[in-house]
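Here's the structure, in structure tokens; my notes come after.
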Amino acid sequence: MHRSWLSALLAMPAIAACNFDNRGLVINEVMASNDNAWHDEWGEDEDYIEVINASDRTIRIGGYVLTDGSGERARLPDVQLAPGELYMMVADASPEQGPQHLPFKISSSGDTLVLGDAHGFAVERLDIPALGINTTLQRFPNGRGVLVACQHPSPARDNGAECTAAAPSNEPKPPRQD
Ligand SMILES: [Ca+2]
Ligand SMILES: [Ca+2]
């Protein structure tokens, strides 16, 4: 008796669970107006762009380029990302602060962001809507879904399955009183 389509299907989830559909490097989260949600290594609240390796292979991100709406562009640093691994780029218009720092910020009234690969192909183009304070564009589920506005930023960590309040990042904030 040969395997039914059902048993073949049941055998697949173990593979699918670690498979990011081999989309390669994608933008996972974008912050345009940061108020104490995350600090860079200089202790500054900055915009940020989280990229993620949404593939099943290691990716060297060094050839990739991020370009903002004004045409300002910067190469990503030469870092290797394991499958599912995140990398934070700081959008603070302060490239002198280190290799993770971009020469532009993200406009909270709307912006454009293009991620290009080493061959000059745009692998992702985002039209970023106006985003309020500590509202980020995030991909749900993490690394896979579409980017949506969410009031619970998840800097330097997985976005999870959906937009829900999660543990604070690198500095706890007092509980909200509202
Ligand atoms: Ca900074
Ligand atoms: Ca995140």
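For this structure, a couple of remarks:
- Residues of segment 19-49 that are part of a loop (DSSP other than H, G, I, E, B) and either of a type in the set (Gly, Ala, Ser) or touching a Leu at 6+ places or on another chain (Cβ under 6 Å) (or both): Ala32, Ser33, Ala37, Gly43.
- Residue pairs whose Cβ atoms lie under 7 Å apart, separated by 6 or more positions or on different chains, with the first residue in segment 65-88 and closer than 23 Å to Pro141 by Cα and touching a residue at least 60 places away in the same chain (Cβ under 8 Å) and the second crowded, with 17+ Cβ neighbours inside 10 Å and of a type in the set (S, T, N, Q), are Pro83/Asn53; Pro83/Ser55; Gly84/Asn53; Leu86/Asn28; Met88/Gln100.
- Residues (farther than 15 Å from Asn28 by Cα, among the aliphatic types (A, V, I, L, M), within 16 Å of ligand 1 (Cβ to nearest atom) and not in a loop (DSSP other than H, G, I, E, B)) located in segment 50-96: Ala74
- Scanning segment 97-117 for residues that are surrounded by 14 or more Cβ atoms within 10 Å (Cβ to Cβ), of a type in the set (S, T, N, Q) and assigned to a loop (DSSP other than H, G, I, E, B) yields Gln100, Ser107, Ser108.
Only the coordinates and a few stated rules stand behind these numbers; no lab work does. Note that the coordinates shown come from a computational prediction; the quantities given were computed from them, not determined experimentally. Note: ideal-geometry Cβ built from the backbone for every residue, glycine included; neighbour counts use all protein chains shown.
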